[in-house]
1. For LEU106, are the conditions met, namely being open to solvent by 70 Å² or more (accessible area, probe 1.4 Å), touching a helix residue (DSSP H, G or I) at 6+ places or on another chain (Cβ under 7 Å) and within 25 Å of THR166 (Cα to Cα)?
2. Considering only the stretch 203-247, how many residues are touching a residue at least 24 places away in the same chain (Cβ under 8 Å), open to solvent by 10 Å² or more (accessible area, probe 1.4 Å) and polar (S, T, N, Q)?
3. From ALA175, ALA150, which residue is free of Cβ contacts under 8 Å to residues at least 60 places away in the same chain and surrounded by fewer than 16 Cβ atoms within 10 Å (Cβ to Cβ)?
4. Write out, first by first residue and then by second, each pair whose Cβ atoms fall under 8 Å of each other, whose residues are 6+ apart or on separate chains, and whose first residue, in the stretch 38-56, is among the β-branched types (Val, Ile, Thr) while the second is at pLDDT below 95.
5. What pairs can you find where one residue is in the stretch 95-112 and on the phi < 0 side of the Ramachandran plot, the other is basic (Lys, Arg), and their Cβ atoms are less than 6 Å apart, with a gap of 6+ or different chains?
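The values are calculated or read from the model by the stated rules, or taken from the named source; none is laboratory data. Just so it is clear, the structure is predicted and the values come from calculations on it, not from any experiment. Virtual Cβ from ideal backbone geometry, glycine too; neighbours counted across all protein chains shown. Note: areas computed on protein heavy atoms with side chains; ligands, DNA, RNA excluded. Shrake-Rupley method; radii C 1.70, N 1.55, O 1.52, S 1.80 Å.
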Amino acid sequence: MKKTLLCTLLAALPMTALAAPVKVAVAANMQYAFADIANAFTHDTGVAVLPSYSSSGKFTAQVMAGAPFELFLSADNTFPQKLQAAGFTLNAPKTYAIGTLVLWSLDSGFDGAHWQQWLKNASGKVAIANPQTAPYGTEAMRALNYYHLADTVKPRLVTGDSIGQTAQFVASGAAQAGFVAKAQVISTQMHDQGHWVEVPSQSYTPIVQDMVLLKPAETNPDAKRLFDYLQSPAARAILQRYGYRLP
């Protein structure tokens, strides 16, 4: 009797309620924007999303070691291309956003108009994401080199595993300033904290962010639905709201 009742109840549920969530590896700069996109996708489709947030380089290593992610949203285009070349993807990478690097500080004396001189004269720690695994960290170092600030700032650098941890260093006071993503500082969670300035785009390589379907998505068609949704007007509007430029 109980078994029959359970079967009846399960049969009454919509198929999306029984489907496994889409497992997504999301670059940390996208944490707040992707949360809004995932909520909108679930609202519109009934399909659950299970995101993980870290640096793009770490996710690439995990995928190549067998991690069961179905969709990868990178902070650059290099790591998805690497996965494609190694045979870990179902399709060619697709650009979904172009990011912006900012310098952020909680210091009341932060001088955004003359940030280079301020950074040179500051005595506190400066946070960046790991340049080896996090594209925003790579571009932060490129900007420091462009403005001939690297030698001055390097002794004071603290490195986060991801751009998310980099922001935590600044928020906690462990760093006086940090190079983070514009999408982070204008988010609802952080928009009223401290001061920030966009790093001039000529000082670093454009942060072209690609996404790609991974091999485990072969058995979950909802992963392709999310991939397509990320190119929809609804998702693109969310990305623009978080300060991303669109391809």
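1. Spelling it out, LEU106 is indeed open to solvent by 70 Å² or more (accessible area, probe 1.4 Å), touching a helix residue (DSSP H, G or I) at 6+ places or on another chain (Cβ under 7 Å) and within 25 Å of THR166 (Cα to Cα).
2. Residues in the stretch 203-247 being touching a residue at least 24 places away in the same chain (Cβ under 8 Å), open to solvent by 10 Å² or more (accessible area, probe 1.4 Å) and polar (S, T, N, Q): 3 in total.
3. When all the criteria are applied, what remains is ALA150.
4. THR45/THR16; VAL47/THR16; VAL47/ALA19
5. ILE98/ARG245; THR100/LYS182; VAL102/LYS182
Yes/no per residue for (1) under 20 Å from ARG245 (Cβ atoms); (2) open to solvent by 30 Å² or more (accessible area, probe 1.4 Å); (3) assigned to a helix (DSSP H, G or I):
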{"position": "ALA25", "(1), (2), (3)": "no, no, no"}
{"position": "MET30", "(1), (2), (3)": "yes, no, yes"}
{"position": "ALA38", "(1), (2), (3)": "no, no, yes"}
{"position": "HIS43", "(1), (2), (3)": "no, yes, yes"}
{"position": "PHE59", "(1), (2), (3)": "no, no, yes"}
{"position": "GLN62", "(1), (2), (3)": "no, yes, yes"}
{"position": "ALA67", "(1), (2), (3)": "no, no, no"}
{"position": "PHE72", "(1), (2), (3)": "no, no, no"}
